[in-house]
Every structure is written in structure tokens, then in C-alpha cells.
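Here the structure comes first, spelled out in C-alpha cells, and everything after it is commentary.
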Amino acid sequence: WTLPAALDFASRLDAPFRIEYIEEPLRDMTAAEEFFLTSGIPYALDESLARPQAFAAFLDATQLVPRRGLAAVVVKLSLTGGIARTAELVRRVSADAECLPAVVLSSAYECGVNLIWASIVARALCGTGGYASGSLSRESVRHGLGTFDLLVEDVCEPAFADDFVDDESGGIKVGRCEEVVMGEGTEVLASRLERWPWRNVI
């Protein structure tokens, strides 16, 4: 949205709604603070940090000085530079959780192998205190790793949705992810991938 369009949308929301944040509400996110100050609705950074260079610049340039209204930083491991950069962000956020944004791990429609690792990292983030104590508590943050539902097929066999997702709650069985990585190990992951047809055409 443009800033006027975003503010018009915000003005149409009824009072009972409690919006934790809107991801990237503006085409030009340099006006995000103005959107928050006028609407009272917090925002999250996502696509604007999707490139490793942009993510690194966010870490370096801001020195994590709080931006008014910034409630969350949505991190896609495969787009922002991986686990190390994400861990650095969480480390800095943990140092001053009173005023810094939550870290929300998200997925860019990765295959099951990537989601196994992302799920483990998400659990690690939950245990490090990488969440703001303002509108988003550690208990209220939900990571965005449910994109497996949108995949027609998976490189894993059985598919991630069949082996790592709880049928009742729909949540990811992170313990099962850890078993495969730590217990069953890379041989199991390799055997899962060997059954996938693309290995024969690359």
C-alpha cells in the first residue's frame, strides 16, 4: 500500500480487533514509523530484509536502536543468509528484550529438508529469549513454517507434512525433526532424497 491507502485501511478496522502487527504494510517502508504513529498499529519487517545484504545492513546500521512500532522481524533462513545471521539477530535482541522486536522464523516454500532445520532453529529461538516483552510475548509468537501445506510434492519421502506434523494440532513435531537430524542422521535424510526423481535428472 501507499501510506494514505494503509492509513485508510487501518481507520476502517473496528476497535475490538487487536492486531499484533502487519507485515510490510507499505511499498516504501521508510514511512513505517509514520504509519504506526498515525494508526497505532505495529508493523513487521519481512521482504525488505529478504536479501542477505539487506539483512546484514539492518543489523549493522540500526545497531538495534528501537524503531517505533517495529513489533517483529520476520526471518526466512534461506533468504537472509542462514542460521548464523539469524542467531546473531537473536543474540542482539536477547540483550535488550524490553524494547526490541520479536524474531519470527518463516519459510519461503522450502522442501521438507529445509523445514526440518528451520523447525529446530525455531525451537532454539524460543529458548533464547529472542522475543520482545511488549505486545508480543514469548508464548504468543507463532513462527510461519506452515507452507508445507501448499506443496504438491516434497523431496522427502514420506513428505514433511506426513511425517513431521501432528494430525490433531497441526503443529510441527520438532522432537521428530531432532530425531532425524541427531538420531537417524544424514543417512536417513539421504535415503529420503534418493527416492526423489529429480536426482536422476540433475
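The values are calculated or read from the model by the stated rules, or taken from the named source; none is laboratory data. Source: prediction; values computed, not measured. Reconstructed Cβ throughout: ideal geometry from the backbone, glycine too, with neighbour counts over all protein chains shown. What goes into the accessible areas is simple: the full protein's heavy atoms, side chains included, and nothing from ligands, DNA or RNA. Shrake-Rupley method; radii C 1.70, N 1.55, O 1.52, S 1.80 Å.
Brief remarks on what is shown
- R0 of 35 Å, Cβ-Cβ distance residue 150-residue 8: FRET efficiency to nearest 0.05: 0.70
- Averaged per residue, the stretch 1-61 has 60 square angstrom of accessible surface, using a 1.4 angstrom probe with ligands and nucleic acids left out.
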